[in-house]
Amino acid sequence: MDMFMNRRSFLEASAGAVTLLGCSLIRTPEGRAAPAKSPGKSEKVAEVPVLWMATGSCSGCSVSLLNSASPTIQEVLLDEVLPGKHVSLVFHATVMAAQGHQAMELLQETRQKHRKQYVLVVEGATATEEEGLYCSVGERSDGRPLTGFEHVRDLSRDALAVLAVGACASFGGIPTAGPNPTGAVSVPDALQRERIETPVVRIPGCPPHPDWIVGTIAALLLGGLKGLDLDDQLRPRVFFDRCIHDNCPYRGQFESGNFAEHFGEHGCLLKLGCKGPITYADCPIRKYNNGTSWCVEAGHPCIGCCHPDFPFDDSLFAPVTPAQLSFPEVYPPARADIVERQQADKSTYATLGMIGVAAFLAGAGVTAAARKLKAEDGETEAPASSPTEDQKEE
């Protein structure tokens, strides 16, 4: 039997496999039970268009999104993410069916009809040299290339918000490493260069956790731009407010000074280049692959893919100095009125204590002076337990 397939046979077999994969990945609404509808309840669902633009990327962020477990990618694309609101993934060159001119027309139509209503997601760094000629995403009617830089620039101006997904889009990542001949920059830097004031949200990671992507979009739909509590790096605090080192399973080994010197040894991985002590994310709690594991639990040091300096100037295995060397505070900070009352109480107690000490010293001084005077007059104080001579005769 011939173990090799020609091109025609391969395409015929692949067509069937892709059809089965598509049916399992994107289940049609007709194939599912219709949900019960409450009488009198409005059936109108607001469509929120999402345009996903991949520029200088490896598509790892897209793969991570497709691995979303709760909710699944089917539920994200077909169901209501929030009551009355549905995410419509209008453009994603990797997973959408439309290609070529049809896809480009759909992209421009969404931009014109839904100005300041759609969410732009950018995956990957943006090449800026020669107006972005190093990354072409489509072409114009005259055949000239339409670059990723032009897409990011033009679509960002009319977007409700821009989500920079992944380490490359957030902070530049690997594409911006020297000598960087393409002039690759992060999405915030590209928009700042073009003086575009559309709000930007960073979702770093290589790749980012699917919960971070879906959760950020859901928060944006739920509370608008005000519903996104961002830190000073434009990251959602709910995912990036805690140092990885705080919840690391090797934290106890770190405190006891037990460090692994070689891979495979038990102990804290700080000496092997772990970037957990300087990186902020909830990887130890959330874990990847539906809560299965994460880098350090698998025995590898954290590479710090959520850190702004990733992939770092030095080796990924170069040790770093922990950002926090002392234990965190046990109690939360008190309110201002409580602090003021506590300070007043401390002042009162200190005053009373000083008065008490002064009184004690004064009393001790008076007693010592009286004893001294008696001793000078030749008087002795008989012990209270010694009987007198008259008492003995009686």
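The values are calculated or read from the model by the stated rules, or taken from the named source; none is laboratory data. Predicted, not measured: the structure shown is a model, and the values here were computed from it. Here the Cβ is made from the backbone with ideal geometry for all residues, glycine too, and neighbour counts use every protein chain on show.
Here are the numbers for this structure:
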quantity: Count - residues of segment 85-99 that are assigned to a loop (DSSP other than H, G, I, E, B) and more than 16 Å from residue 146 (Cβ to Cβ); calculated: 4
quantity: Some residue of segment 284-294 being crowded, with 20+ Cβ neighbours inside 10 Å, closer than 23 Å to residue 186 by Cβ and not small (Gly, Ala, Ser); calculated: no
quantity: Residue under evaluation residue 134, criteria (1) within 22 Å of the chain's Cα centre (by Cα); (2) part of a loop (DSSP other than H, G, I, E, B), criterion not met; calculated: (1)
quantity: Lone qualifier among 181, 188, 204 - being surrounded by fewer than 24 Cβ atoms within 10 Å (Cβ to Cβ), within 30 Å of residue 276 (Cβ to Cβ), in contact (Cβ under 8 Å) with a residue 24 or more places away in the chain and not polar (S, T, N, Q); calculated: 188
quantity: Selected residue [assigned by TED's automatic domain parsing to the domain that holds residue 228, among the charged types (D, E, K, R) and at pLDDT below 95] from 131, 123; calculated: 131
quantity: Failed criterion for residue 195 (all others in (1) farther than 23 Å from residue 287 by Cα; (2) among the basic types (Lys, Arg); (3) touching a helix residue (DSSP H, G or I) at 6+ places or on another chain (Cβ under 6 Å) hold); calculated: (3)
quantity: Residue 306 vs. criteria buried (at least 20 other Cβ atoms within 10 Å of the Cβ), of a type outside the set (Gly, Ala, Ser), within 20 Å of residue 68 (Cβ to Cβ) and in contact (Cβ under 8 Å) with a residue 40 or more places away in the chain; calculated: yes
quantity: Test: residue in segment 153-173 that is surrounded by 14 or more Cβ atoms within 10 Å (Cβ to Cβ), in contact with a Gly (Cβ under 7 Å, 6 or more places away or on another chain), within 24 Å of residue 234 (Cβ to Cβ) and of a type in the set (Asp, Glu); calculated: no
quantity: Matching residues, segment 100-122, being farther than 11 Å from residue 90 by Cα and not in a helix (DSSP H, G or I); calculated: 114, 115, 116, 117, 121, 122
quantity: Count - residues of segment 261-283 that are surrounded by fewer than 22 Cβ atoms within 10 Å (Cβ to Cβ) and outside any loop (DSSP other than H, G, I, E, B); calculated: 3
quantity: Any chance residue 46 is at pLDDT 90 or above and either in contact with a strand residue (DSSP E or B) (Cβ under 7 Å, 6 or more places away or on another chain) or not assigned by TED's automatic domain parsing to the domain that holds residue 199 (or both); calculated: no
quantity: Failed condition for residue 215, given (1) among the small types (Gly, Ala, Ser); (2) in contact with a helix residue (DSSP H, G or I) (Cβ under 8 Å, 6 or more places away or on another chain); (3) assigned by TED's automatic domain parsing to the domain that holds residue 296; calculated: (3)
quantity: Any hit, segment 223-239, residues being out of contact with any Asp or Glu (no Cβ under 8 Å at 6 or more places or on another chain), in contact (Cβ under 8 Å) with a residue 40 or more places away in the chain, crowded, with 23+ Cβ neighbours inside 10 Å and in a helix (DSSP H, G or I); calculated: no
quantity: Among (1) within 25 Å of residue 287 (Cβ to Cβ); (2) surrounded by 18 or more Cβ atoms within 10 Å (Cβ to Cβ); (3) over 21 Å from the mean Cα position of the chain (by Cα), the one test that residue 74 misses; calculated: (2)
quantity: Qualifying position, being more than 25 Å from residue 67 (Cα to Cα) and either under 12 Å from the mean Cα position of the chain (by Cα) or among the β-branched types (Val, Ile, Thr) (or both), among 203, 217, 278; calculated: 278
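Yes/no per residue for (1) within 30 Å of residue 181 (Cα to Cα); (2) charged (D, E, K, R); (3) at pLDDT below 85:
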| position | (1), (2), (3) |
| --- | --- |
| 17 | no, no, yes |
| 22 | no, no, yes |
| 32 | no, yes, yes |
| 82 | no, no, yes |
| 114 | no, no, no |
